[in-house]
Amino acid sequence: KDTLAPQALWQAVICFSEEFDAFADPADGRDKERVMEGLVARFKDHPDTDNIFYLQGRTLENQRKLVEAPAKYQSVPERATAHEAALVRAGYCLRADAFRQYSAYMKAGKKDPAAEQAMLDQLKKAEDLFKKFLKRVETVQVDDPEQKRARTSLVLAVNQELAYLYNHKLVGKAAESLKFLNEVAKDIPQDDERMAKIHQVQMQSHLVLNQAEQ
């Protein structure tokens, strides 16, 4: 009956799901289904209930089905509390899969413009999802403290993802990546632990641009 009951049930579903994905214990799977059924039965129209699609996307991602997972993530409705996380995970899956494809492509050693364009198109889709999330951060206010903390972490993750994407040889925007990272760094104290990741990607950008001294 508590107002936090839907969120508590949802977090329980995540815990059982992560356990099942890690260890494949049938008991965890049964508990996950039991709590999911309770969530849907008691709180059918609650935003936390809509997160079931997000969980299904995570399951596909954990199974390394990086092509199928984004479609499931993108079916998470905007009212769902996991909508922003779903946008970011969908972008990540598309980006990671394109990087994986490119690695295999380079090992094959055969030039194929059509294959390169397909990978570039996939990276563009990932970029669009990341930018959609950042635009939502600017235009949609969040009041819940937990969601605010989650959003802050997602913003940092997206900034890194965009930098990785821009540094890729197919995209060729390493200079833009540096400019982007410099803007991000302005709002973060130099002794903040997040700066380590930013410096790491900045170094990568400089190396891509053959700027070893920097």
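The values are calculated or read from the model by the stated rules, or taken from the named source; none is laboratory data. In this text, all values refer to a predicted model and were calculated from it rather than measured experimentally. Don't worry about glycine lacking a Cβ; one is built from the backbone with ideal geometry, like all the others, and counts go over all protein chains shown. Ligands, DNA and RNA are excluded from the accessible area calculation, which covers all protein heavy atoms including side chains. Shrake-Rupley method; radii C 1.70, N 1.55, O 1.52, S 1.80 Å.
My understanding is that a pair violates if its Cα-Cα distance is over 30 Å; which of Lys72/Lys148; Lys72/Lys110; Lys44/Lys72 do that in this structure?
Beyond 30 Å between Cα atoms: Lys72/Lys110.
Across the accessible surface of the chain, with the other protein chains kept in place and a 1.4 Å probe, carbon and sulfur atoms take up 53 percent.
Here's the picture: a label point sits 7 Å out from the Cα of Arg100 along the beta-carbon direction, and within the stretch 50-75 the residues with their amide nitrogen under 13 Å of it are 60-70. With each label modelled as a point 7 angstrom along the Cα→C-beta vector, the Glu116-Ala8 pair spans 5.7 nm.
Between the alpha-carbon centres of the stretch 128-204 and the stretch 75-92 there is a gap of 17 Å. Over the chain, the ratio between the Cα radius of gyration and 2.2 N^0.38 Å evaluates to 1.15.
A dipole drawn for the stretch 4-66 from +1 and -1 charges on Cβ atoms has a positive end, and of Leu66, Phe23, Trp10 the residue lying farthest that way is Leu66.
Assuming charge only on the beta carbon of Lys and Arg (+1) and of Asp and Glu (-1), the dipole of the chain about its Cα centre is about 680 debye to the nearest 20. Prolate is the label for the stretch 33-112, because a/c, from the alpha-carbon gyration tensor with a ≥ b ≥ c as root eigenvalues, is 1.5 or above and a/b exceeds b/c. Taking label points 7 Å from Cα along the Cα-to-Cβ direction, Lys1 and Ala27 give a separation of 3.2 nm. Toward the positive end of the charge dipole of the chain, with +1 on the Cβ of Lys and Arg and -1 on the Cβ of Asp and Glu, the farthest Cα among Met195, Val171, Gly38 is that of Val171. Which of Pro145, Tyr105, Leu87 sits farthest toward the positive end of the charge dipole of the chain, with +1 on the Cβ of Lys and Arg and -1 on the Cβ of Asp and Glu? Checking the options against the dipole of the chain, the answer is Tyr105.
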